[in-house]
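The values are calculated or read from the model by the stated rules, or taken from the named source; none is laboratory data. Here the structure is a predicted model, which means the values were calculated and not measured. Note that we place each Cβ from the backbone using ideal geometry, even for glycine, and neighbour counts take in every protein chain shown.
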Amino acid sequence: MQRRDAVLRAMKDHPISQRRACVLIGVDPKTVRRERPPDNPDIRLEMNKIAEKRRRFGYRRIGVLLERKGMVMNEKKLYRIYREEGLSVRRRRGRKRARGSRTPMPVPLRPNQRWSLDFLSDTFGACRKFRILAVNDDCCRENLALIADTSISGARVARELDALVRFYGKPACIVSDNGTEFTSKAILNRRSAKRNGPTRTVSNGITSIPASRSRTATSSHSMAACATNA
């Protein structure tokens with residue numbers, strides 16, 4: 001493909017024939033004469049539509065949304081089309097401050113209307129770190145779960161949420177921050193598998209249980225959970 005473009009560029013910039021340009025570049029003339037077939041125009045159109053709505057999505061997360069619509073392809077081909085369409089997202093260098101006033105979040109009026117998720121961190125005496133996933137019901141201020149482990153992945157978060165939904169019922173909304181565990185591919189796959197599931201809302205990530213009270217109340221529970229899951 002690059003050599004074909006080089007032949008066309010040479011013919012455009014210099015008064016030489018197609019045969020002469022192919023000899024200089026080292027390309028078969030049939031390669032230059034053959035018209036290039038359309039390269040997945042429907043996928044390119046759908047990819048641009050998704051990128052307009054989800055401006056911070058990379059090619060992997062766009063690929064998940066394309067799979068929901070039945071457009072499955074190789075990851076290398078997906079990345080190539082993503083780059084050719086100029087949809088690459090620049091990495092954020094610094095934290096951007098919110099401008100203007102934020103809309104206040106509505107107060108939940110009934111149980112299971114809104115859950116909030118957040119992580120708490122602490123260390124053992126031997127300086128080994130562990131984390132606690134806190135799940136709270138924002139209406140009645142009830143702590144639904146405290147999951148402690150030395151490492152909690154996005155797939156683990158999805159499994160624990162499924163277990164809580166089976167026990168307490170399905171919430172109308174789930175509030176969390178933009179942590180990697182809450183924005184991972186495992187959470188996206190869980191939402192695609194349960195399309196009628198609760199919506200996720202981004203907030204400042206502050207849960208209704210203070211970290212100090214959680215540390216004193218659940219230190220023995222967290223050590224036991226870490227010991228069993230280690």
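Numbers at a glance
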item: Residue identified as modelled with pLDDT of 85 or more, assigned to a helix (DSSP H, G or I) and outside the structural domain of ARG56 (by TED's automatic domain parsing) among LEU164, LEU188, LEU146; result: LEU164
item: Residue check for PHE124: modelled with pLDDT under 85 and in the same structural domain as CYS173 (by TED's automatic domain parsing); result: yes
item: Residues being at pLDDT 85 or above, of a type in the set (D, E, K, R) and loosely packed, with under 11 Cβ neighbours inside 10 Å - total across region 1-48; result: 4
item: Wholly enclosed helices (runs of 4 or more DSSP H) of region 9-80 bearing at least 1 residues closer than 30 Å to LYS185 by Cα; result: 41-53, 59-68
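Here's the yes/no breakdown for (1) modelled with pLDDT under 50; (2) closer than 30 Å to GLY125 by Cβ; (3) under 21 Å from the mean Cα position of the chain (by Cα):
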| site | (1), (2), (3) |
| --- | --- |
| GLU142 | no, no, no |
| ALA155 | no, yes, yes |
| CYS173 | no, no, yes |
| THR180 | no, yes, yes |
| ASN204 | yes, no, yes |
| THR207 | yes, yes, no |
